[in-house]
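Novice: Below you will find the structure I want to go over with you.
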Amino acid sequence: MFGLPVSADAQDLNGLFTSSANFTTSKVEDTTTDLQNFNQALDLNWNRNVTPSLRYRISLRTQDSRSQIKVASDLTRSSSTQIEPILDATLASGPFSLNAGLRLREVFTSGSETESARLSENRWFGRFFFTPERLPTLSFQVDQVNSTNNLKTEDKTNTRYQFLSDYTIVEGWNLSYLFSDSVDEDRVTGQTRDRMNHLGTLGYTQSLWGGWLDLVGGHSISYAPSSDKFSASGTAEVERRLSRGFKAAADLTPANSSDVPLTEEPGIIAGTSLLPLELNTSVGFEQLIVQPVSQIRLNLTPQAPFIIPDNLELFLNFRVFFTNDIALTTWTELGGITHRFEPLESRFILTFAPTTARFFKVYVSRNDFGALIRATKIEALNLEPVTAGEKRDTTTFLHNMNTSVTWRPWSVASMSYTFSMSDLTQKLSTEPDSLKSTNGTHTAQITWDPHRLLGSTLTYQHNFADSNQEGAQNTTSDLYGLVFRSTPLPTLTGSLSLVHNDNRSEGNLERRADTGSLNFSAQLYRNLNLDSSYSLSRSQDFLIDQKSLRHAARLNATATLTPRLSAILGYGIEWGETEQPDLQTDILTHTATGSLTYTVSRLLNMNARYDFLSSVDATAFSQEYRLDWVPTPKLSSFFGYRRTQSDAAGVSSGSDSINVNGRWNMSRYINLNANFLLFRTFSGDLTYSIVGSAQLRF
């Protein structure tokens with residue numbers, strides 16, 4: 001790889017030239033796949049300030065990629081060339097700012113087994129901002145993207161408008177209005193989609209009586225009409241609205257996530273995540289409205305300097321699971337999944353039979369490149385047949401409100417109350433009745449510190465949700481929590497937490513759970529810290545007459561043994577039982593973690609990490625070693641080795657991987673980078689990759 005940019009001083013012209021090479025070989029069973037990729041890119045920028053208020057920029061971006069893939073004796077060659085000129089100008093003076101620009105992009109692709117194609121894309125945009133003092137701020141933005149190709153398989157236009165005004169009426173009161181409109185026209189499929197949104201927000205924030213009383217409130221109303229028109233028969237891609245995103249660490253039993261729970265990951269919905277798609281990990285989502293889903297899309301990005309191959313589906317595979325279990329524990333696997341990777345969009349598409357569920361997750365069943373492949377966004381769609389002349393209108397009305405009151409009558413005590421509610425009404429032209437749903441939360445909390453060594457917090461929370469959607473039930477949950485915390489010594493802290501939770505549906509008690517946990521953190525010696533925890537949980541599911549009891553304990557120690565050597569040790573145990581009328585299940589899980597970091601010198605660091613897991617039906621052990629060498633501020637390298645071994649349900653598996661990287665910043669103008677990756681499974685599958693890059697800046 002070669003790269004060429006300009007220094008960050010006051011120069012009008014700068015550029016970056018990059019060249020890279022990627023050689024990857026994969027052997028799976030009796031099939032060998034060889035990939036070779038060469039990529040060159042040039043980025044030129046001309047910046048000029050005409051006056052203190054007016055400036056413009058002219059850019060030229062070009063990229064050329066050549067690759068060949070050999071699977072067994074079949075050889076496939078492909079190439080892609082991209083040219084992209086850009087012009088934008090900015091006029092700014094006082095409270096006014098105006099920005100406009102034009103971008104053209106031409107992409108030429110060809111291959112030994114595909115027809116040559118030319119993709120043409122042009123985009124123009126305009127932005128106006130007005131930010132006066134003591135008056136409402138105004139902004140208006142418009143942009144349009146047109147894309148076509150010579151194969152007549154793509155002919156799209158996307159036009160977006162946005163208007164925003166924000167005004168502080170008086171101190172503490174804020175009023176805003178946002179209007180947005182997005183029009184997508186696909187002339188190949190004959191589909192036109194118009195999505196508008198009117199959003200008004202009123203907010204209030206005030207602190208009274210010298211900070212004794214804090215008031216926060218908000219009220220927003222959103223009216224969002226949308227329309228889909230079809231001028232030709234075919235298949236429509238109907239997007240689903242997602243409310244939450246999730247991720248999970250490596251799990252050997254993806255159908256049961258009780259041992260490796262999913263955690264929230266908002267960025268995977270917003271498109272800002274960088275989640276490594278390592279083997280046996282998962283990403284998922286929750287639908288805002290439960291509707292059929294038949295396609296999941298994952299946007300991917302490589303970890304530089306790695307380049308994602310065009311035939312990624314040969315190296316990366318997924319399994320898809322769904323559930324309606326709000327605990328996200330029990331999952332059902334979908335069959336008949338088709339995999340497809342779109343190189344131009346850097347997007348992996350999974351298609352399956354329409355499935356209606358609240359939660360979905362995508363499980364990495366194979367990834368020959370490990371953490372070099374990262375997920376940035378997940379999307380859900382449903383592929384639905386449509387007829388010519390069909391029109392679908394959807395009107396969504398969303399009403400949100402929130403209130404928070406905090407009262408501090410004494411320095412050692414405070415009381416707070418928070419209320420939030422969301423009311424959604426959605427009318428589809430294809431359905432006779434409107435879909436209505438309401439959910440909200442009441443939270444009351446009292447914090448009292450009766451002694452300088454003792455603090456306490458009492459919490460009550462009531463959640464409610466109801467919907468007229470078919471099959472939905474009105475649900476409520478009540479949570480009672482009590483927490484005691486103490487710091488008797490500067491080197492010792494502790495806490496005791498007690499929680500009781502009731503879940504009801506249509507007024508009937510369905511689930512009850514009680515949890516208690518005790519936590520201590522202590523500095524035993526100057527360089528030795530110890531963290532310990534114990535929890536006891538008991539739950540009962542009245543619907544299926546199931547009772548569960550869980551004990552869990554965890555101990556972690558962090559020590560600086562010498563000025564050059566530090567260590568981390570951890571041990572955890574979980575045991576419990578689940579009783580049903582005709583079945584009893586026992587669990588016992590041990591986990592252990594150990595890590596050593598040794599600084600040989602200011603130039604050399606060594607690290608070793610060990611992880612062990614043992615459960616009733618699975619065991620796993622991994623060991624990882626890393627050597628970092630930084631001989632000079634401009635030269636660095638590292639060597640890593642990792643070995644994993646697992647046995648689940650009588651099936652043994654494992655892998656070895658080696659990763660070597662070297663970087664040399666020869667000067668502020670030239671950078672060199674090289675990376676070697678070797679991945680081998682115990683079954684004999686093998687993948688190795690060599691990537692080289694260089695950058696030249698001017």
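Novice: I need a count of the residues in segment 405-461 that are of a type in the set (Val, Ile, Thr) and in contact with a Ser or Thr (Cβ under 6 Å, 6 or more places away or on another chain).
Specialist: Number of matching residues: 7.
Novice: Can you go through THR153, THR131, THR137, THR157 and tell me which one is modelled with pLDDT of 90 or more, loosely packed, with under 15 Cβ neighbours inside 10 Å and within 34 Å of the chain's Cα centre (by Cα)?
Specialist: Matching residue, one of THR153, THR131, THR137, THR157: THR131.
Novice: Considering only residues that are under 30 Å from THR396 (Cβ atoms) and open to solvent by 40 Å² or more (accessible area, probe 1.4 Å), which ones fall in segment 198-214?
Specialist: HIS198, LEU199, THR201, LEU202, TYR204, THR205
Novice: Six or more apart or on different chains, Cβ under 7 Å: which pairs go from a residue in segment 471-490 that's closer than 16 Å to GLY507 by Cα to one that's acidic (Asp, Glu)? Could you list them?
Specialist: Every condition considered, the pairs that remain are GLN473/GLU506; ASN474/ASP466; ASN474/GLU506; SER477/ASP502; ASP478/ASP502.
Novice: Restricting to segment 128-171, what's the tally of residues that are part of a strand (DSSP E or B), within 30 Å of THR205 (Cβ to Cβ) and among the β-branched types (Val, Ile, Thr)?
Specialist: 2
Novice: Somewhere in segment 163-173, is a residue within 29 Å of the chain's Cα centre (by Cα) and not small (Gly, Ala, Ser)?
Specialist: Within segment 163-173 (the criterion being within 29 Å of the chain's Cα centre (by Cα) and not small (Gly, Ala, Ser)), the answer is yes, since at least one residue qualifies.
Novice: Still on this structure, please answer the following. Does any residue of segment 228-241 turn out to be open to solvent by 30 Å² or more (accessible area, probe 1.4 Å) and at pLDDT 95 or above?
Specialist: No, because not a single residue in segment 228-241 is open to solvent by 30 Å² or more (accessible area, probe 1.4 Å) and at pLDDT 95 or above.
Novice: List pairs: first residue in segment 670-698 and assigned to a loop (DSSP other than H, G, I, E, B), second residue basic (Lys, Arg) anywhere in the structure, Cβ distance under 6 angstrom, at least six positions apart or on different chains.
Specialist: none
Novice: Could you tell me which numbered condition GLY576 fails, if it satisfies all but one of (1) open to solvent by less than 60 Å² (accessible area, probe 1.4 Å); (2) under 30 Å from PHE698 (Cα atoms)?
Specialist: (2)
Yes/no matrix, rows are residues, columns are (1) surrounded by fewer than 18 Cβ atoms within 10 Å (Cβ to Cβ); (2) in contact with a strand residue (DSSP E or B) (Cβ under 6 Å, 6 or more places away or on another chain); (3) of a type in the set (Val, Ile, Thr); (4) closer than 22 Å to ASP251 by Cβ:
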position: ILE296; (1), (2), (3), (4): no, yes, yes, yes
position: GLU313; (1), (2), (3), (4): yes, yes, no, no
position: PHE318; (1), (2), (3), (4): no, yes, no, yes
position: ASN324; (1), (2), (3), (4): yes, no, no, yes
position: LEU328; (1), (2), (3), (4): no, no, no, yes
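Novice: Exactly one condition in (1) under 21 Å from THR24 (Cα atoms); (2) open to solvent by 80 Å² or more (accessible area, probe 1.4 Å) is not met by ASP64; state its number.
Specialist: (2)
Novice: Considering each of LEU596, LEU561, LEU604, LEU549 in turn, give the residue that is closer than 29 Å to ARG663 by Cα, without any contact (Cβ under 8 Å) to a residue 40 or more places away in the chain, touching a strand residue (DSSP E or B) at 6+ places or on another chain (Cβ under 8 Å) and surrounded by fewer than 16 Cβ atoms within 10 Å (Cβ to Cβ).
Specialist: LEU604
Novice: If you don't mind, there's one more thing I want to ask. For THR263, only one of the following conditions fails: (1) under 30 Å from GLN162 (Cβ atoms); (2) open to solvent by 60 Å² or more (accessible area, probe 1.4 Å). What is its number?
Specialist: (1)
Novice: Looking at segment 488-500, which of the residues that are modelled with pLDDT under 95 and not hydrophobic (A, V, I, L, M, F, W, C) is farthest from ARG452 (Cα to Cα)?
Specialist: Filtering segment 488-500 for residues that are modelled with pLDDT under 95 and not hydrophobic (A, V, I, L, M, F, W, C), the one farthest from ARG452 (Cα to Cα) comes out as THR491.
Novice: Still on this structure, please answer the following. Of the residues ASP194, ASP259, ASP181, which is part of a loop (DSSP other than H, G, I, E, B) and among the acidic types (Asp, Glu)?
Specialist: On inspection, the qualifying residue turns out to be ASP259.
Novice: All but one of (1) more than 20 Å from PHE341 (Cβ to Cβ); (2) in a strand (DSSP E or B) hold for SER294; state the number of the condition that does not hold.
Specialist: (1)
Novice: Also: For segment 408-419, which positions are surrounded by fewer than 16 Cβ atoms within 10 Å (Cβ to Cβ) and either among the charged types (D, E, K, R) or at pLDDT 95 or above (or both)?
Specialist: MET415, TYR417
Novice: For segment 46-80, which positions are of a type in the set (Val, Ile, Thr) and either at positive phi or assigned to a strand (DSSP E or B) (or both)?
Specialist: ILE58, THR62, ILE69, VAL71, THR76
Novice: Further question: So which residues in segment 50-61 are modelled with pLDDT under 90 and either open to solvent by 70 Å² or more (accessible area, probe 1.4 Å) or of a type in the set (A, V, I, L, M, F, W, C) (or both)?
Specialist: VAL50, PRO52
Novice: Scan segment 627-638 and give yes if some residue there is open to solvent by 80 Å² or more (accessible area, probe 1.4 Å) and within 28 Å of the chain's Cα centre (by Cα), otherwise no.
Specialist: no
Novice: If you don't mind, another one. Hey, could you check segment 661-677 for residues that are open to solvent by less than 50 Å² (accessible area, probe 1.4 Å) and closer than 23 Å to ARG643 by Cβ and say which is farthest from the chain's Cα centre (by Cα)?
Specialist: In this case the residue turns out to be GLY662.
Novice: Let me ask something else. Restricting attention to segment 647-666, which residues are small (Gly, Ala, Ser) and without any contact (Cβ under 8 Å) to a residue 24 or more places away in the chain?
Specialist: GLY650
Novice: So, in segment 72-112, how many residues would count as being open to solvent by less than 40 Å² (accessible area, probe 1.4 Å), of a type in the set (Asp, Glu) and over 19 Å from ASN49 (Cα atoms)?
Specialist: The number of residues fulfilling the criteria is 1.
Novice: All but one of (1) in a strand (DSSP E or B); (2) touching a residue at least 60 places away in the same chain (Cβ under 8 Å); (3) among the hydrophobic types (A, V, I, L, M, F, W, C) hold for LEU202; which doesn't?
Specialist: Going through the list (1) in a strand (DSSP E or B); (2) touching a residue at least 60 places away in the same chain (Cβ under 8 Å); (3) among the hydrophobic types (A, V, I, L, M, F, W, C), LEU202 breaks only (2).
Novice: Sort out which residues of segment 242-254 are of a type outside the set (Ser, Thr, Tyr) and either open to solvent by less than 40 Å² (accessible area, probe 1.4 Å) or not in a strand (DSSP E or B) (or both), and write them in order of number.
Specialist: Answer for segment 242-254, where residues must be of a type outside the set (Ser, Thr, Tyr) and either open to solvent by less than 40 Å² (accessible area, probe 1.4 Å) or not in a strand (DSSP E or B) (or both): LEU242, GLY245, PHE246, ALA248, ALA249, ALA250, ASP251, LEU252, PRO254.
Novice: Also, quick follow-up: I'd like the residue in segment 647-660 that is modelled with pLDDT under 90 and open to solvent by 30 Å² or more (accessible area, probe 1.4 Å) and, out of all such residues, is nearest to THR32 (Cα to Cα).
Specialist: Only one residue tops the list, namely SER653.
Novice: Here is a follow-up. How about segment 393-438: which of its residues are in contact (Cβ under 8 Å) with a residue 12 or more places away in the chain, farther than 30 Å from SER226 by Cβ and part of a loop (DSSP other than H, G, I, E, B)?
Specialist: The answer is VAL412, and nothing else.
The values are calculated or read from the model by the stated rules, or taken from the named source; none is laboratory data. Keep in mind that this is a model prediction, so the values were computed, not measured. Note: ideal-geometry Cβ built from the backbone for every residue, glycine included; neighbour counts use all protein chains shown. What goes into the accessible areas is simple: the full protein's heavy atoms, side chains included, and nothing from ligands, DNA or RNA. Shrake-Rupley method; radii C 1.70, N 1.55, O 1.52, S 1.80 Å.
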